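Below is one structure, written out as structure tokens, with a few remarks after it.
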Amino acid sequence: MRRTTLAAVALVCGITCVGGLASAGTAYAAPEPAPTTSAPATPGTPEEDAAKGEPATPTALEEVRKKIEKLYHRASVATDAYNAAEEKAERQAKEVARLERAVARGEDRLALLRHQAGATAREQYRSGGIPEGAQFLLSDDPRLFLDNANRFQRGQHAAKGLMSQLRTTQEQLEKDEAAASAEYKKLERHRASKAKAKKEIKKQIKAAEELESRLAAEELERLRKLEEEAQRRAQSAWVDSGILDAISGKASAAGKKALEYAAEQIGKPYSWGAEGPDSYDCSGLTSQAWASAGVPIPRTSQEQWRQLERVPIREMRPGDLIIYHDDASHVGMYVGDGKIVHAPRPGRHITLAGAGTMTILGVVRPDA
């Protein structure tokens, strides 16, 4: 049975947080210092140090960490652009398909009306340009005249109605064709934006991976510890601010369901543009978690920030979404006790982390 309780979330939180995060209210002890080696007089890049046969200096590794972080951030921004373009392209494709069906119906209707108009014209030609009804009206027989007067009027009305329908159908068809053409152009623009964003994502991820690939195994381990230490410092500073003392909100019924869904995804890999069930990106996880609770929300972190109701950090409750960075390029779901569940970045898995390990832009509530 996969149903995860909030108690299980708290348990998992205690043992799986990034960098071994314990209770959010606990101050972090400084990690054991990494073994040091004599550094060159002038610190160089890891590549320069490697060329000299020397391990990278702590300063150089810290610079690499910052570069990698910046590259993955750029990839995250591009991922949001990709997701937004994909969402718009999907909507546009549906609208184009709807208009194409309307155009097809209009063409069929127009063909039928033209056939009927053609039949009327042929009848007039065969009768010397005078409709059969009108010939009856020209009869010298008064009875025949009276019997057919109404029929002639009805025929004339029908003919006018036919021409009116023909004009209306033709005008609507032209409007639908113009609208379909405009929507198709929009669709092509969204597809182009999507392709551009995809190219940018791959470029930034490739640059980050190449940077990491130049490091020796020992240096990669030291780089990981630097990353964890940076997160510990950020989380400690956030906790020490006293912010958690004022946070006491309880999850709503829908929030609990969204949390359960998110918790069940812990351990699955991050994959840009993914919405599950095997992998997710950050907003793919949060949007699907809330969708599972019956609350549809925007697909991207930027739209979640723009469209959902904002709440003060001190009033947030489990299930709320914390939006990160000044460009709203990352999102995580608050689980309580100062922690979030989130899909961090390429090369990482969905995990629990301190809510203060990244720069918080604000908090939004899907079920306000």
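Give the residue, chosen from 313, 322, that is under 25 Å from residue 73 (Cα atoms) and modelled with pLDDT of 95 or more.
On the way: 313 fails: modelled with pLDDT of 95 or more.
After applying the criteria, what remains is 322.
Does residue 99 count as buried (at least 19 other Cβ atoms within 10 Å of the Cβ), over 22 Å from the mean Cα position of the chain (by Cα) and at pLDDT below 80?
Details: buried (at least 19 other Cβ atoms within 10 Å of the Cβ): yes; over 22 Å from the mean Cα position of the chain (by Cα): yes; at pLDDT below 80: no.
No.
Any residue that is surrounded by fewer than 19 Cβ atoms within 10 Å (Cβ to Cβ), at pLDDT below 85 and of a type in the set (S, T, N, Q) - is there at least one of those in segment 258-281?
no
List the pairs whose first member sits in segment 260-274 and is in contact (Cβ under 8 Å) with a residue 12 or more places away in the chain, whose second member is aromatic (Phe, Trp, Tyr), and whose Cβ atoms are under 8 Å apart, counting only residues at least 6 apart or on separate chains?
Close Cβ pairs (under 8 Å, with a partner that is aromatic (Phe, Trp, Tyr)) amount to 265/280; 268/280; 270/280; 271/280; 272/82; 273/82.
For residue 299, state whether it is more than 16 Å from residue 342 (Cα to Cα) and out of contact with any strand residue (DSSP E or B) (no Cβ under 7 Å at 6 or more places or on another chain).
Values: more than 16 Å from residue 342 (Cα to Cα): no; out of contact with any strand residue (DSSP E or B) (no Cβ under 7 Å at 6 or more places or on another chain): yes.
So residue 299 does not fit the description; no.
Any idea which of 199, 203, 194 is surrounded by fewer than 16 Cβ atoms within 10 Å (Cβ to Cβ), under 30 Å from residue 95 (Cα atoms) and either modelled with pLDDT under 85 or out of contact with any Pro (no Cβ under 7 Å at 6 or more places or on another chain) (or both)? Full working, then the answer.
On the way: 203 fails: under 30 Å from residue 95 (Cα atoms); 194 fails: surrounded by fewer than 16 Cβ atoms within 10 Å (Cβ to Cβ).
The match here is 199.
Kindly evaluate residue 359 against the criterion of being buried (at least 22 other Cβ atoms within 10 Å of the Cβ) and not acidic (Asp, Glu). If you could, list the steps in order and put the result at the bottom.
Numbers: buried (at least 22 other Cβ atoms within 10 Å of the Cβ): no; not acidic (Asp, Glu): yes.
Judged against the criteria, residue 359 is not a match.
Restricting to segment 336-351, and then to whatever is closer than 20 Å to residue 240 by Cβ and in contact (Cβ under 8 Å) with a residue 60 or more places away in the chain, can you tell me which residue is surrounded by the most Cβ atoms within 10 Å (Cβ to Cβ)? Walk me through it before giving the result.
If we filter segment 336-351 for residues that are closer than 20 Å to residue 240 by Cβ, which is where we start, we get 336-340.
When the remaining residues are screened for being in contact (Cβ under 8 Å) with a residue 60 or more places away in the chain, the result is 336-339.
Working: 336: 23, 337: 20, 338: 22, 339: 29.
It comes out as 339.
For (1) within 30 Å of the chain's Cα centre (by Cα); (2) not assigned by TED's automatic domain parsing to the domain that holds residue 110, each residue gets a yes or a no:
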{"residue": "183", "(1), (2)": "yes, no"}
{"residue": "197", "(1), (2)": "yes, no"}
{"residue": "200", "(1), (2)": "yes, no"}
{"residue": "212", "(1), (2)": "yes, yes"}
{"residue": "217", "(1), (2)": "no, yes"}
{"residue": "221", "(1), (2)": "no, yes"}
{"residue": "231", "(1), (2)": "yes, yes"}
{"residue": "246", "(1), (2)": "no, yes"}
{"residue": "258", "(1), (2)": "yes, yes"}
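If residue 94 meets every condition in (1) under 20 Å from the mean Cα position of the chain (by Cα); (2) surrounded by fewer than 20 Cβ atoms within 10 Å (Cβ to Cβ); (3) under 22 Å from residue 272 (Cα atoms) apart from one, which number is that one?
Status for residue 94: all satisfied but (3).
Listed residues 264, 188, 218; which is among the acidic types (Asp, Glu) and within 24 Å of residue 69 (Cβ to Cβ)?
Working: 264 fails: within 24 Å of residue 69 (Cβ to Cβ); 188 fails: within 24 Å of residue 69 (Cβ to Cβ).
One residue alone meets the criteria, 218.
For segment 289-300, which positions are in contact with an Asp or Glu (Cβ under 6 Å, 6 or more places away or on another chain) and within 17 Å of residue 82 (Cα to Cα)?
Start the filter on segment 289-300 by keeping residues that are in contact with an Asp or Glu (Cβ under 6 Å, 6 or more places away or on another chain), which leaves 295, 299-300.
Once the filter is applied, which keeps residues that are in contact with an Asp or Glu (Cβ under 6 Å, 6 or more places away or on another chain) and within 17 Å of residue 82 (Cα to Cα), segment 289-300 yields 299, 300.
For every residue, the table says whether it meets (1) under 30 Å from residue 291 (Cα atoms); (2) assigned to a helix (DSSP H, G or I).
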site	(1), (2)
206	no, yes
215	no, no
227	no, yes
251	yes, no
255	yes, yes
259	yes, yes
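The values are calculated or read from the model by the stated rules, or taken from the named source; none is laboratory data. None of these values were measured; they are calculated from a predicted model. Please note: Cβ atoms are built from the backbone with ideal geometry, for glycine as well, and neighbour counts cover all protein chains shown.
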